[in-house]
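See below for the structure under consideration.
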Amino acid sequence: MKLTFCGGVGEVTGSRHWLRAEGLSLLLDCGLFQGHRGESLDKNRRFLFKPGELDAVLLSHAHIDHSGALPLLAKQGYGKKILCTPATAELCQLMLLDSAHLQEHDAAFFNKIHAKRGLSIAPLYGEAEAKACLGLFEGRAFGETIALSDRVRARFQPAGHVLGSAMTHVEVDTARGRRRIVFTGDLGRRRGLMMDPPHVPSNVDYLLIESTYGDRVHDPVSLVEGQLKDVIDRAVAQQGKILIPSFALERTQEIVFVIEKLRRHGHIPPVPVYIDSPMAVSITDLFNKYKDGFSFAPEFKAYAAKEGDPFGFESLRYVRTSEESKRLNDLPGPMIILSASGMCEGGRILHHLRNNIDKDSTTILIVGYQAEGTLGRRLADGAKKVKIFGLEHEVWARVEVMHTFSAHADKVDLTWFIQSLQPRPRRIFLVHGDPRDRQALAAHLKALGVERLELPEYGDEFELD
(Lines give C-alpha, C1' and ligand atoms only; values in the text may rest on other atoms or scores of the structure.)
Protein backbone atom coordinates (compact mmCIF):
# COMPACT_ATOMS: atom_id res chain seq x y z
CA MET A 1 0.00 0.00 0.00
CA LYS A 2 1.12 3.53 -0.77
CA LEU A 3 -0.21 6.86 0.45
CA THR A 4 0.61 10.15 -1.27
CA PHE A 5 -0.39 13.54 0.15
CA CYS A 6 -1.56 15.76 -2.69
CA GLY A 7 -3.00 18.66 -0.67
CA GLY A 8 -4.26 19.69 2.73
CA VAL A 9 -0.84 19.15 4.37
CA GLY A 10 1.07 22.05 5.85
CA GLU A 11 -2.07 24.06 5.03
CA VAL A 12 -5.80 23.88 5.68
CA THR A 13 -7.30 23.89 2.19
CA GLY A 14 -7.03 21.57 -0.82
CA SER A 15 -7.64 18.27 0.98
CA ARG A 16 -6.49 15.43 -1.35
CA HIS A 17 -4.97 12.11 -0.25
CA TRP A 18 -4.16 9.37 -2.76
CA LEU A 19 -4.22 5.75 -1.56
CA ARG A 20 -3.11 2.74 -3.63
CA ALA A 21 -4.01 -0.63 -2.15
CA GLU A 22 -4.19 -4.14 -3.64
CA GLY A 23 -4.40 -2.85 -7.21
CA LEU A 24 -6.91 -0.08 -6.50
CA SER A 25 -6.27 3.66 -6.82
CA LEU A 26 -8.44 5.67 -4.41
CA LEU A 27 -8.70 9.39 -3.70
CA LEU A 28 -9.75 10.60 -0.25
CA ASP A 29 -11.34 14.04 -0.84
CA CYS A 30 -10.70 16.41 -3.73
CA GLY A 31 -10.79 19.95 -2.38
CA LEU A 32 -9.96 23.38 -3.72
CA PHE A 33 -6.88 25.24 -2.55
CA GLN A 34 -7.66 28.73 -1.27
CA GLY A 35 -5.30 31.60 -0.55
CA HIS A 36 -2.79 33.47 -2.71
CA ARG A 37 -4.42 33.56 -6.15
CA GLY A 38 -1.47 32.57 -8.36
CA GLU A 39 -0.27 29.70 -6.18
CA SER A 40 -3.79 28.39 -5.60
CA LEU A 41 -4.70 28.43 -9.29
CA ASP A 42 -1.62 26.40 -10.18
CA LYS A 43 -2.18 23.79 -7.46
CA ASN A 44 -5.90 23.54 -8.22
CA ARG A 45 -5.32 22.74 -11.88
CA ARG A 46 -2.47 20.28 -11.31
CA PHE A 47 -3.10 16.80 -9.90
CA LEU A 48 -0.22 14.58 -8.71
CA PHE A 49 -1.98 11.56 -10.24
CA LYS A 50 -3.86 10.77 -13.44
CA PRO A 51 -7.57 11.39 -12.78
CA GLY A 52 -8.64 8.86 -15.41
CA GLU A 53 -6.76 6.06 -13.62
CA LEU A 54 -8.54 6.45 -10.26
CA ASP A 55 -10.97 3.68 -9.28
CA ALA A 56 -13.07 5.67 -6.78
CA VAL A 57 -13.29 8.91 -4.81
CA LEU A 58 -14.28 8.71 -1.14
CA LEU A 59 -15.55 12.12 -0.01
CA SER A 60 -15.66 13.07 3.68
CA HIS A 61 -18.03 16.05 3.42
CA ALA A 62 -19.27 18.87 1.22
CA HIS A 63 -17.13 21.85 2.25
CA ILE A 64 -15.39 23.28 -0.80
CA ASP A 65 -11.86 22.76 0.57
CA HIS A 66 -12.74 19.03 0.52
CA SER A 67 -15.04 18.74 -2.51
CA GLY A 68 -14.50 21.82 -4.67
CA ALA A 69 -12.02 20.35 -7.18
CA LEU A 70 -14.24 17.41 -8.13
CA PRO A 71 -15.48 19.16 -11.33
CA LEU A 72 -11.83 19.68 -12.32
CA LEU A 73 -11.17 15.99 -11.66
CA ALA A 74 -14.05 14.99 -13.95
CA LYS A 75 -12.98 17.57 -16.51
CA GLN A 76 -9.55 15.90 -16.65
CA GLY A 77 -10.89 12.39 -17.24
CA TYR A 78 -12.34 10.95 -14.05
CA GLY A 79 -15.62 9.15 -14.75
CA LYS A 80 -16.19 6.66 -11.92
CA LYS A 81 -18.09 6.90 -8.63
CA ILE A 82 -17.84 9.65 -6.04
CA LEU A 83 -18.93 7.92 -2.81
CA CYS A 84 -20.18 9.85 0.23
CA THR A 85 -23.15 10.01 2.60
CA PRO A 86 -26.58 10.85 1.12
CA ALA A 87 -26.65 14.25 2.87
CA THR A 88 -23.21 15.11 1.46
CA ALA A 89 -24.37 14.11 -2.03
CA GLU A 90 -27.38 16.44 -1.74
CA LEU A 91 -25.27 19.26 -0.35
CA CYS A 92 -22.73 18.94 -3.17
CA GLN A 93 -25.55 19.27 -5.70
CA LEU A 94 -25.94 22.79 -4.32
CA MET A 95 -22.39 23.70 -3.38
CA LEU A 96 -20.53 22.69 -6.52
CA LEU A 97 -22.99 24.52 -8.78
CA ASP A 98 -22.67 27.54 -6.50
CA SER A 99 -18.88 27.27 -6.61
CA ALA A 100 -19.00 27.29 -10.41
CA HIS A 101 -21.38 30.26 -10.44
CA LEU A 102 -19.22 32.25 -8.00
CA GLN A 103 -16.08 31.60 -9.99
CA GLU A 104 -17.72 32.72 -13.23
CA HIS A 105 -19.27 35.79 -11.58
CA ASP A 106 -16.15 36.87 -9.69
CA ALA A 107 -13.95 36.40 -12.77
CA ALA A 108 -16.36 38.50 -14.86
CA PHE A 109 -16.44 41.27 -12.23
CA PHE A 110 -12.63 41.26 -11.83
CA ASN A 111 -12.16 41.43 -15.59
CA LYS A 112 -14.66 44.28 -15.85
CA ILE A 113 -13.03 46.55 -13.29
CA HIS A 114 -9.51 45.79 -14.58
CA ALA A 115 -10.32 45.96 -18.31
CA LYS A 116 -8.36 49.21 -18.82
CA ARG A 117 -5.24 47.62 -17.33
CA GLY A 118 -5.58 44.56 -19.54
CA LEU A 119 -5.83 42.20 -16.53
CA SER A 120 -8.10 39.17 -16.65
CA ILE A 121 -8.67 35.86 -14.89
CA ALA A 122 -10.59 32.73 -15.91
CA PRO A 123 -12.79 30.53 -13.67
CA LEU A 124 -11.41 27.09 -12.82
CA TYR A 125 -14.63 25.52 -14.09
CA GLY A 126 -18.13 26.48 -15.01
CA GLU A 127 -21.65 25.23 -14.50
CA ALA A 128 -21.39 22.64 -17.29
CA GLU A 129 -18.37 20.96 -15.67
CA ALA A 130 -20.04 21.01 -12.26
CA LYS A 131 -23.19 19.36 -13.63
CA ALA A 132 -21.15 16.66 -15.38
CA CYS A 133 -19.39 15.86 -12.10
CA LEU A 134 -22.63 15.66 -10.11
CA GLY A 135 -23.80 12.67 -12.13
CA LEU A 136 -21.01 10.60 -10.54
CA PHE A 137 -22.21 10.96 -6.93
CA GLU A 138 -23.55 7.95 -5.05
CA GLY A 139 -24.79 8.24 -1.47
CA ARG A 140 -24.06 5.50 1.05
CA ALA A 141 -25.43 5.24 4.59
CA PHE A 142 -23.31 5.39 7.74
CA GLY A 143 -21.96 1.96 8.59
CA GLU A 144 -22.75 0.42 5.20
CA THR A 145 -19.96 -1.78 3.82
CA ILE A 146 -18.89 -0.67 0.33
CA ALA A 147 -17.08 -3.43 -1.58
CA LEU A 148 -14.50 -1.71 -3.79
CA SER A 149 -12.93 -5.06 -4.73
CA ASP A 150 -12.72 -8.53 -3.23
CA ARG A 151 -9.86 -7.30 -0.99
CA VAL A 152 -10.76 -3.66 -0.32
CA ARG A 153 -13.81 -2.32 1.49
CA ALA A 154 -14.87 1.11 2.72
CA ARG A 155 -17.50 2.60 5.00
CA PHE A 156 -18.43 5.95 6.49
CA GLN A 157 -18.88 6.79 10.18
CA PRO A 158 -20.12 10.07 11.75
CA ALA A 159 -17.41 12.72 12.12
CA GLY A 160 -19.55 15.20 14.07
CA HIS A 161 -18.38 18.18 11.98
CA VAL A 162 -21.27 19.25 9.74
CA LEU A 163 -24.40 17.78 8.19
CA GLY A 164 -23.36 14.69 6.22
CA SER A 165 -19.73 14.71 7.41
CA ALA A 166 -18.04 11.35 7.78
CA MET A 167 -14.83 9.64 8.70
CA THR A 168 -13.69 7.42 5.85
CA HIS A 169 -12.69 3.87 6.81
CA VAL A 170 -10.79 1.74 4.28
CA GLU A 171 -10.15 -1.90 5.12
CA VAL A 172 -7.59 -3.82 3.06
CA ASP A 173 -6.79 -7.53 3.06
CA THR A 174 -3.05 -7.71 2.36
CA ALA A 175 -0.57 -10.59 2.24
CA ARG A 176 0.52 -9.53 5.75
CA GLY A 177 -2.99 -9.40 7.14
CA ARG A 178 -5.89 -6.99 7.37
CA ARG A 179 -5.08 -3.28 7.54
CA ARG A 180 -7.44 -0.42 8.43
CA ILE A 181 -6.90 3.15 7.27
CA VAL A 182 -9.09 5.91 8.77
CA PHE A 183 -9.27 9.47 7.46
CA THR A 184 -11.13 11.76 9.85
CA GLY A 185 -11.92 14.45 7.30
CA ASP A 186 -12.80 17.44 9.46
CA LEU A 187 -13.41 16.21 12.99
CA GLY A 188 -16.17 17.69 15.12
CA ARG A 189 -16.04 18.85 18.73
CA ARG A 190 -16.90 16.70 21.72
CA ARG A 191 -19.49 19.32 22.63
CA GLY A 192 -20.92 21.40 19.77
CA LEU A 193 -23.98 23.51 19.09
CA MET A 194 -25.88 21.04 16.91
CA MET A 195 -23.84 17.91 16.18
CA ASP A 196 -23.27 14.72 18.12
CA PRO A 197 -19.56 14.13 18.88
CA PRO A 198 -17.50 11.99 16.49
CA HIS A 199 -17.50 8.23 16.92
CA VAL A 200 -14.09 6.89 18.01
CA PRO A 201 -13.13 3.91 15.79
CA SER A 202 -11.26 0.82 16.94
CA ASN A 203 -8.40 -1.24 15.50
CA VAL A 204 -7.01 1.59 13.35
CA ASP A 205 -3.64 0.84 11.75
CA TYR A 206 -3.13 4.15 9.93
CA LEU A 207 -4.84 7.37 11.00
CA LEU A 208 -5.05 10.57 8.94
CA ILE A 209 -6.32 13.24 11.31
CA GLU A 210 -6.90 16.95 10.85
CA SER A 211 -4.97 19.48 12.99
CA THR A 212 -6.71 22.76 12.13
CA TYR A 213 -6.89 23.91 15.76
CA GLY A 214 -3.99 21.83 17.03
CA ASP A 215 -2.59 24.73 19.07
CA ARG A 216 -5.83 26.26 20.38
CA VAL A 217 -8.58 25.57 22.87
CA HIS A 218 -12.04 26.84 21.95
CA ASP A 219 -14.26 28.73 24.34
CA PRO A 220 -17.06 26.39 25.50
CA VAL A 221 -20.25 26.64 23.43
CA SER A 222 -22.09 27.71 26.57
CA LEU A 223 -20.51 31.17 26.12
CA VAL A 224 -21.63 31.71 22.54
CA GLU A 225 -24.96 33.38 23.29
CA GLY A 226 -23.40 35.97 25.60
CA GLN A 227 -20.56 36.72 23.18
CA LEU A 228 -22.89 37.22 20.22
CA LYS A 229 -25.28 39.32 22.34
CA ASP A 230 -22.42 41.73 23.18
CA VAL A 231 -21.56 42.21 19.50
CA ILE A 232 -25.20 42.80 18.54
CA ASP A 233 -25.85 45.22 21.41
CA ARG A 234 -22.82 47.32 20.40
CA ALA A 235 -23.91 47.45 16.75
CA VAL A 236 -27.44 48.44 17.73
CA ALA A 237 -26.09 51.25 19.92
CA GLN A 238 -23.97 52.51 16.99
CA GLN A 239 -26.72 51.93 14.42
CA GLY A 240 -24.17 49.95 12.45
CA LYS A 241 -24.05 46.85 10.29
CA ILE A 242 -22.61 43.50 11.34
CA LEU A 243 -21.07 41.68 8.37
CA ILE A 244 -20.51 37.99 8.99
CA PRO A 245 -18.49 36.08 6.36
CA SER A 246 -20.11 32.72 6.90
CA PHE A 247 -19.89 29.29 5.37
CA ALA A 248 -23.30 28.46 3.90
CA LEU A 249 -23.02 24.94 5.31
CA GLU A 250 -23.38 24.65 9.09
CA ARG A 251 -21.98 27.99 10.28
CA THR A 252 -24.88 30.01 8.87
CA GLN A 253 -27.43 27.63 10.42
CA GLU A 254 -25.61 27.71 13.78
CA ILE A 255 -25.59 31.51 13.92
CA VAL A 256 -29.25 31.74 12.93
CA PHE A 257 -30.07 29.15 15.61
CA VAL A 258 -28.28 31.18 18.30
CA ILE A 259 -29.88 34.47 17.20
CA GLU A 260 -33.28 32.76 17.22
CA LYS A 261 -32.74 31.65 20.82
CA LEU A 262 -31.57 35.14 21.87
CA ARG A 263 -34.63 36.74 20.30
CA ARG A 264 -37.07 34.18 21.63
CA HIS A 265 -35.89 34.84 25.19
CA GLY A 266 -35.83 38.62 24.75
CA HIS A 267 -32.05 39.00 25.14
CA ILE A 268 -31.63 41.12 21.98
CA PRO A 269 -33.91 43.55 20.13
CA PRO A 270 -35.54 42.44 16.84
CA VAL A 271 -32.66 43.65 14.66
CA PRO A 272 -33.09 42.68 10.96
CA VAL A 273 -31.05 39.65 9.90
CA TYR A 274 -30.33 38.98 6.22
CA ILE A 275 -29.01 35.67 4.92
CA ASP A 276 -27.50 36.90 1.68
CA SER A 277 -26.84 33.55 0.06
CA PRO A 278 -29.27 31.63 -2.14
CA MET A 279 -27.30 28.48 -1.39
CA ALA A 280 -27.65 28.97 2.37
CA VAL A 281 -31.42 29.08 1.88
CA SER A 282 -31.40 25.70 0.13
CA ILE A 283 -28.95 24.20 2.62
CA THR A 284 -31.17 25.32 5.50
CA ASP A 285 -34.03 23.42 3.84
CA LEU A 286 -31.80 20.31 3.90
CA PHE A 287 -31.08 20.85 7.60
CA ASN A 288 -34.81 20.83 8.27
CA LYS A 289 -35.15 17.70 6.11
CA TYR A 290 -32.47 15.79 8.06
CA LYS A 291 -32.82 17.26 11.55
CA ASP A 292 -34.79 14.26 12.88
CA GLY A 293 -32.70 11.56 11.24
CA PHE A 294 -29.07 12.71 11.10
CA SER A 295 -26.67 12.57 14.06
CA PHE A 296 -27.66 15.91 15.56
CA ALA A 297 -27.15 16.42 19.29
CA PRO A 298 -30.13 15.39 21.47
CA GLU A 299 -30.32 18.93 22.92
CA PHE A 300 -30.74 20.44 19.46
CA LYS A 301 -33.41 17.89 18.50
CA ALA A 302 -35.29 18.55 21.74
CA TYR A 303 -35.22 22.33 21.21
CA ALA A 304 -36.44 21.99 17.60
CA ALA A 305 -39.25 19.63 18.70
CA LYS A 306 -40.40 22.04 21.42
CA GLU A 307 -39.92 25.46 19.80
CA GLY A 308 -40.50 24.73 16.09
CA ASP A 309 -38.30 25.86 13.20
CA PRO A 310 -34.87 26.67 14.73
CA PHE A 311 -33.81 28.48 11.54
CA GLY A 312 -36.64 30.98 11.17
CA PHE A 313 -37.99 34.03 12.98
CA GLU A 314 -39.89 37.24 12.30
CA SER A 315 -37.04 39.61 11.40
CA LEU A 316 -35.07 37.04 9.37
CA ARG A 317 -34.90 37.55 5.61
CA TYR A 318 -33.39 35.16 3.09
CA VAL A 319 -31.96 37.13 0.14
CA ARG A 320 -32.03 35.32 -3.18
CA THR A 321 -31.39 37.79 -6.01
CA SER A 322 -28.35 39.99 -6.62
CA GLU A 323 -30.68 43.01 -6.88
CA GLU A 324 -31.94 42.38 -3.33
CA SER A 325 -28.34 41.96 -2.19
CA LYS A 326 -27.28 45.30 -3.69
CA ARG A 327 -30.18 47.10 -1.99
CA LEU A 328 -28.79 46.12 1.42
CA ASN A 329 -25.92 48.56 0.86
CA ASP A 330 -28.40 51.46 0.74
CA LEU A 331 -30.29 50.46 3.89
CA PRO A 332 -29.29 52.02 7.23
CA GLY A 333 -28.23 49.96 10.23
CA PRO A 334 -28.55 48.31 12.55
CA MET A 335 -28.67 45.02 10.70
CA ILE A 336 -26.86 41.70 10.48
CA ILE A 337 -25.76 40.33 7.10
CA LEU A 338 -24.49 36.76 6.79
CA SER A 339 -22.96 36.05 3.41
CA ALA A 340 -20.47 33.71 1.74
CA SER A 341 -17.69 32.99 1.36
CA GLY A 342 -16.54 32.16 4.85
CA MET A 343 -12.91 33.13 4.14
CA CYS A 344 -13.88 36.24 2.10
CA GLU A 345 -12.40 34.72 -1.05
CA GLY A 346 -15.43 35.22 -3.29
CA GLY A 347 -19.16 35.75 -3.41
CA ARG A 348 -21.46 38.48 -2.14
CA ILE A 349 -19.56 39.15 1.09
CA LEU A 350 -16.88 40.89 -1.00
CA HIS A 351 -19.41 43.44 -2.23
CA HIS A 352 -20.67 44.11 1.31
CA LEU A 353 -17.11 44.53 2.55
CA ARG A 354 -16.27 46.82 -0.37
CA ASN A 355 -19.18 49.09 0.54
CA ASN A 356 -18.84 49.09 4.35
CA ILE A 357 -15.24 48.35 5.36
CA ASP A 358 -14.35 52.05 5.55
CA LYS A 359 -17.08 52.85 8.13
CA ASP A 360 -16.21 52.78 11.84
CA SER A 361 -19.81 51.82 12.67
CA THR A 362 -19.38 48.54 10.76
CA THR A 363 -18.49 45.33 12.59
CA ILE A 364 -16.88 42.46 10.68
CA LEU A 365 -17.47 39.33 12.72
CA ILE A 366 -15.12 36.44 11.86
CA VAL A 367 -16.71 33.18 13.00
CA GLY A 368 -14.72 30.49 11.18
CA TYR A 369 -11.19 29.38 10.39
CA GLN A 370 -9.33 31.70 8.03
CA ALA A 371 -6.59 30.03 6.00
CA GLU A 372 -3.28 31.79 5.43
CA GLY A 373 -3.31 34.03 2.37
CA THR A 374 -7.07 34.66 2.44
CA LEU A 375 -8.71 38.07 2.83
CA GLY A 376 -10.48 36.78 5.95
CA ARG A 377 -7.11 35.92 7.53
CA ARG A 378 -5.71 39.38 6.77
CA LEU A 379 -8.75 40.99 8.40
CA ALA A 380 -8.56 38.69 11.43
CA ASP A 381 -4.85 39.51 11.79
CA GLY A 382 -5.63 43.24 11.97
CA ALA A 383 -4.68 44.53 8.50
CA LYS A 384 -5.37 48.26 8.10
CA LYS A 385 -5.47 48.09 4.31
CA VAL A 386 -6.74 45.21 2.16
CA LYS A 387 -7.43 44.57 -1.49
CA ILE A 388 -10.91 43.61 -2.64
CA PHE A 389 -11.25 42.73 -6.33
CA GLY A 390 -7.72 44.05 -6.73
CA LEU A 391 -8.53 47.53 -5.36
CA GLU A 392 -7.12 48.78 -2.06
CA HIS A 393 -9.47 49.72 0.80
CA GLU A 394 -8.71 51.18 4.23
CA VAL A 395 -10.13 49.15 7.12
CA TRP A 396 -12.02 51.38 9.55
CA ALA A 397 -14.54 48.70 10.52
CA ARG A 398 -14.22 46.94 13.87
CA VAL A 399 -13.07 43.34 13.34
CA GLU A 400 -14.17 40.79 15.94
CA VAL A 401 -13.07 37.14 15.96
CA MET A 402 -15.13 34.41 17.65
CA HIS A 403 -13.76 30.85 17.68
CA THR A 404 -16.67 29.66 19.82
CA PHE A 405 -18.69 28.72 16.74
CA SER A 406 -15.98 26.47 15.34
CA ALA A 407 -17.17 23.04 14.20
CA HIS A 408 -13.58 21.74 14.29
CA ALA A 409 -12.08 19.75 17.15
CA ASP A 410 -9.58 21.81 19.16
CA LYS A 411 -6.35 20.72 20.82
CA VAL A 412 -8.18 19.06 23.72
CA ASP A 413 -10.68 17.28 21.44
CA LEU A 414 -7.95 16.02 19.09
CA THR A 415 -5.91 14.73 22.01
CA TRP A 416 -8.95 12.96 23.46
CA PHE A 417 -9.70 11.34 20.11
CA ILE A 418 -6.16 10.05 19.57
CA GLN A 419 -5.75 8.81 23.14
CA SER A 420 -9.11 7.00 22.88
CA LEU A 421 -7.88 4.82 20.00
CA GLN A 422 -7.27 1.25 21.12
CA PRO A 423 -4.85 -0.16 20.22
CA ARG A 424 -2.61 2.78 19.22
CA PRO A 425 -2.26 3.10 15.39
CA ARG A 426 0.92 1.99 13.66
CA ARG A 427 1.28 5.53 12.27
CA ILE A 428 -0.59 8.78 12.69
CA PHE A 429 -0.47 11.39 9.93
CA LEU A 430 -1.31 14.97 10.94
CA VAL A 431 -2.98 16.76 8.03
CA HIS A 432 -5.21 19.80 7.35
CA GLY A 433 -3.40 22.30 9.57
CA ASP A 434 -1.20 25.35 9.16
CA PRO A 435 2.45 24.62 10.04
CA ARG A 436 2.35 26.28 13.47
CA ASP A 437 -0.78 24.45 14.63
CA ARG A 438 0.35 21.11 13.29
CA GLN A 439 3.81 21.36 14.84
CA ALA A 440 2.33 22.40 18.17
CA LEU A 441 -0.08 19.45 18.19
CA ALA A 442 2.74 17.05 17.33
CA ALA A 443 4.88 18.39 20.19
CA HIS A 444 1.95 18.14 22.60
CA LEU A 445 1.18 14.56 21.60
CA LYS A 446 4.83 13.49 21.83
CA ALA A 447 5.00 14.94 25.35
CA LEU A 448 2.05 12.67 26.22
CA GLY A 449 3.88 9.62 24.89
CA VAL A 450 2.17 9.41 21.48
CA GLU A 451 4.73 8.15 18.96
CA ARG A 452 4.87 7.24 15.27
CA LEU A 453 3.65 10.70 14.25
CA GLU A 454 4.16 11.91 10.68
CA LEU A 455 3.84 15.49 9.39
CA PRO A 456 3.70 14.97 5.62
CA GLU A 457 4.33 17.75 3.12
CA TYR A 458 2.82 18.30 -0.32
CA GLY A 459 3.81 15.41 -2.60
CA ASP A 460 5.23 13.15 0.14
CA GLU A 461 4.68 9.42 -0.41
CA PHE A 462 4.66 6.72 2.26
CA GLU A 463 4.77 2.93 2.11
CA LEU A 464 2.22 1.33 4.45
CA ASP A 465 3.26 -2.06 5.88
Exercise for the section: Just name the residue that is surrounded by the fewest Cβ atoms within 10 Å (Cβ to Cβ) out of those in the stretch 103-121 that are touching a residue at least 40 places away in the same chain (Cβ under 8 Å) and within 15 Å of L41 (Cβ to Cβ). Expected result: L119
Exercise for the section: Identify, by number, the condition in (1) surrounded by fewer than 17 Cβ atoms within 10 Å (Cβ to Cβ); (2) out of contact with any strand residue (DSSP E or B) (no Cβ under 9 Å at 6 or more places or on another chain); (3) at pLDDT below 90 that G77 doesn't meet. Expected result: (3)
Fill in the blank from the handout: Considering residues that are part of a loop (DSSP other than H, G, I, E, B) and either hydrophobic (A, V, I, L, M, F, W, C) or outside the structural domain of T168 (by TED's automatic domain parsing) (or both), the number found within the stretch 39-62 is 6
Handout entry: Residues of the stretch 283-322 satisfying the condition of being of a type in the set (D, E) and farther than 18 Å from G160 by Cβ
Key = D285, E307, D309, E314
Problem - Candidates L124, L94, L83 - the one that is closer than 18 Å to L28 by Cβ, touching a residue at least 40 places away in the same chain (Cβ under 8 Å) and crowded, with 17+ Cβ neighbours inside 10 Å - result: L83
Exercise for the section: Consider only pairs whose beta carbons are under 9 Å apart and that are at least six residues apart or on different chains; among these, list those whose first residue lies in the stretch 297-316 and is in contact (Cβ under 8 Å) with a residue 60 or more places away in the chain and whose second residue is β-branched (V, I, T). Expected result: L316/V256; L316/I259; L316/V273; L316/I275
Fill in the blank from the handout: How many residues of the stretch 324-346 are crowded, with 24+ Cβ neighbours inside 10 Å and either touching a strand residue (DSSP E or B) at 6+ places or on another chain (Cβ under 8 Å) or assigned to a helix (DSSP H, G or I) (or both)? The answer is 9
Handout entry: Every residue from the stretch 92-112 that is over 22 Å from S339 (Cα atoms) and touching a Leu at 6+ places or on another chain (Cβ under 8 Å)
Key = N111
Exercise for the section: Output the qualifying pairs, or none if there are none: Cβ atoms under 6 angstrom, residues six or more apart or on different chains, first residue in the stretch 131-144 and farther than 14 Å from F156 by Cβ, second residue part of a helix (DSSP H, G or I). Expected result: A132/A74; C133/L70; C133/P71; C133/A74; L134/Q93
Exercise for the section: Please indicate, with yes or no, whether at least one residue in the stretch 432-446 is touching a residue at least 12 places away in the same chain (Cβ under 8 Å), of a type in the set (A, V, I, L, M) and assigned to a loop (DSSP other than H, G, I, E, B). Expected result: no
Exercise for the section: Output yes when any residue across the stretch 416-423 is over 30 Å from E254 (Cα atoms) and either of a type outside the set (V, I, T) or not assigned by TED's automatic domain parsing to the domain that holds N111 (or both), and no when none is. Expected result: yes
Exercise for the section: Among the candidates R178, R251, R263, single out the residue that is more than 20 Å from F287 (Cα to Cα) and at pLDDT below 95. Expected result: R263
Practice task
Inspect the stretch 219-231 for any residue being surrounded by fewer than 22 Cβ atoms within 10 Å (Cβ to Cβ) and over 20 Å from H267 (Cα atoms) and give the result as yes or no.
Solution key: yes
Practice task
Could you tell me whether the stretch 115-131 includes any residue that is polar (S, T, N, Q) and closer than 28 Å to L208 by Cα?
Solution key: no
Practice task
Taking the residues in the stretch 304-313 that are in contact with a helix residue (DSSP H, G or I) (Cβ under 8 Å, 6 or more places away or on another chain) and of a type outside the set (A, V, I, L, M, F, W, C) as candidates, determine which candidate is surrounded by the most Cβ atoms within 10 Å (Cβ to Cβ).
Solution key: P310
Exercise for the section: Just give me the residues in the stretch 260-276 being touching a Phe, Trp or Tyr at 6+ places or on another chain (Cβ under 8 Å) and either buried (at least 24 other Cβ atoms within 10 Å of the Cβ) or outside the structural domain of I366 (by TED's automatic domain parsing) (or both), in sequence order. Expected result: I275
Handout entry: Options K75, K112; residue that is over 22 Å from the mean Cα position of the chain (by Cα) and closer than 10 Å to A130 by Cα
Key = K75
Exercise for the section: Please enumerate the residues belonging to the stretch 54-72 that are crowded, with 24+ Cβ neighbours inside 10 Å, over 14 Å from the mean Cα position of the chain (by Cα) and under 19 Å from L41 (Cα atoms). Expected result: L70, P71
Practice task
Output yes when any residue across the stretch 17-38 is in a helix (DSSP H, G or I) and either in contact (Cβ under 8 Å) with a residue 12 or more places away in the chain or buried (at least 24 other Cβ atoms within 10 Å of the Cβ) (or both), and no when none is.
Solution key: yes
Exercise for the section: State whether the residues of the stretch 359-371 include one that is surrounded by 22 or more Cβ atoms within 10 Å (Cβ to Cβ), of a type in the set (F, W, Y) and either more than 24 Å from F33 (Cβ to Cβ) or in the same structural domain as R251 (by TED's automatic domain parsing) (or both). Expected result: yes
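The values are calculated or read from the model by the stated rules, or taken from the named source; none is laboratory data. All values derive from a computational prediction rather than experimental measurement. Note: ideal-geometry Cβ built from the backbone for every residue, glycine included; neighbour counts use all protein chains shown.
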